1. Tell me which residues, restricted to segment 236-290, are in contact with a helix residue (DSSP H, G or I) (Cβ under 6 Å, 6 or more places away or on another chain), under 26 Å from G148 (Cα atoms) and of a type in the set (F, W, Y).
2. Filter segment 186-222 for residues that are of a type in the set (D, E) and either in a strand (DSSP E or B) or closer than 28 Å to Q70 by Cβ (or both) and give the result.
3. With (1) part of a loop (DSSP other than H, G, I, E, B); (2) among the small types (G, A, S); (3) surrounded by fewer than 18 Cβ atoms within 10 Å (Cβ to Cβ) as the list, and S164 as the residue in question, which single condition is left unmet?
4. Condition (residue is under 30 Å from R195 (Cβ atoms) and not aromatic (F, W, Y)) applied to segment 227-246: is it met by at least one residue?
5. Mind counting the residues in segment 84-112 that are under 26 Å from the mean Cα position of the chain (by Cα), of a type outside the set (S, T, N, Q) and surrounded by fewer than 12 Cβ atoms within 10 Å (Cβ to Cβ)?
6. So is A150 assigned to a strand (DSSP E or B), out of contact with any helix residue (DSSP H, G or I) (no Cβ under 8 Å at 6 or more places or on another chain) and hydrophobic (A, V, I, L, M, F, W, C) or not?
7. Restricting attention to segment 241-290, report how many residues are surrounded by 15 or more Cβ atoms within 10 Å (Cβ to Cβ), polar (S, T, N, Q) and not in a loop (DSSP other than H, G, I, E, B).
Amino acid sequence: MVECSPTLQKIQYSTLKCVDEDSPCENTKRTVRTLSGATVSWHAALEQVPTGLPTIIIAHEFYDALPVHQFQKASRGWCEKMVDIAEDSSSFQFVLSTKPTSATLLYLIKRYKWASIEVLNKLNQIEVCPKAMELTHTIAQRISSDGGGALIIDYGHNGIVSDSLQAIRNHKFVHILDDPGSADLSAYVDFAAIRHSAEEASDNVTVHGPISQSQLLGFLGINFRADALLQKCDEAQAESLKTGYWRLVGDGEAPFWEGPDEQTPIGMGTRYQAMAIVNKKQGVPVPFQQ
């Protein structure tokens, strides 16, 4: 398990129903999952995971939670958006840096070189996620040396993201600076930056996608599976299946919904994207063979 939070490690330990047993090695313990007998270990970072074997990495709704830097074009050039205390000292507010910051010089310029002049000229704001670039670099190097692949599924764009940072509390959108620490923050994933980061890390990996979640699940047989399940469902189960299916592969509000408007299923099939990073020796993953 790769988890940097000791608190979440304890939750995972409990959820996996782990116990500590004496190890064959003298004076050491090992953690074992009681349901399967598999040995479980924790690492704070991917770099700490032992190497030498093919690695399968699945990042599902992971990249969107990584921190981003926001930059805004002003009369004096590109400025970083920063947080300051409001004039009444009772809240926070966004301000622009008065001069180029280290993030501007390091991250914005790096992302800048991957975009065309035409695209950049149309933008007034840019979001950059340095941690996503760094992590992708590490993942690509691991896949290059050990084999295997990574599947990334998240909502985002295949290009520069301008201003997507959002805060959600109790399933509702709130202002980013409203009661900091009480809401979940997320931002759209820049899949183009992930591609460039992986390709820069190694010549031994290939990047496929992004394709929509709807396309990915379609190639994996979700339509056939849904049809088969519908043949064995009662009316309530069929309604639940249709709703879940629409959320995964649909686009926008479900046209068949007859319940309360506030509960209308929203399809995420086109909003969510899928990308694969694989060792060149592995060939092209099936869903991406188009």
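1. If the condition is that a residue be in contact with a helix residue (DSSP H, G or I) (Cβ under 6 Å, 6 or more places away or on another chain), under 26 Å from G148 (Cα atoms) and of a type in the set (F, W, Y), then Y272 is the only one that fits.
2. Here is the first cut: in segment 186-222, the ones of a type in the set (D, E) are 190, 199-200, 203.
Of everything in segment 186-222, those that are of a type in the set (D, E) and either in a strand (DSSP E or B) or closer than 28 Å to Q70 by Cβ (or both) turn out to be D190, E199, E200.
3. (3)
4. Within segment 227-246, none of the residues are under 30 Å from R195 (Cβ atoms) and not aromatic (F, W, Y).
5. Narrowing segment 84-112 to residues under 26 Å from the mean Cα position of the chain (by Cα): 94, 102-112.
Then keep just the ones that are of a type outside the set (S, T, N, Q); that gives 94, 103, 105-112.
From what is left, the residues that are surrounded by fewer than 12 Cβ atoms within 10 Å (Cβ to Cβ) are 105.
Residues meeting the conditions: 1.
6. On the way: assigned to a strand (DSSP E or B): yes; out of contact with any helix residue (DSSP H, G or I) (no Cβ under 8 Å at 6 or more places or on another chain): no; hydrophobic (A, V, I, L, M, F, W, C): yes.
So A150 fails the test.
7. Selection size over segment 241-290: 4.
To keep it simple, each residue is scored yes or no on (1) under 23 Å from I153 (Cα atoms); (2) of a type outside the set (A, V, I, L, M, F, W, C); (3) without any contact (Cβ under 8 Å) to a residue 40 or more places away in the chain.
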position	(1), (2), (3)
T34	no, yes, yes
W42	no, no, no
H69	yes, yes, no
R76	no, yes, yes
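The values are calculated or read from the model by the stated rules, or taken from the named source; none is laboratory data. Since this is a predicted model, take the numbers as computed values, not measurements. All Cβ positions, glycine included, derive from the backbone under ideal geometry; neighbour counts span all protein chains shown.
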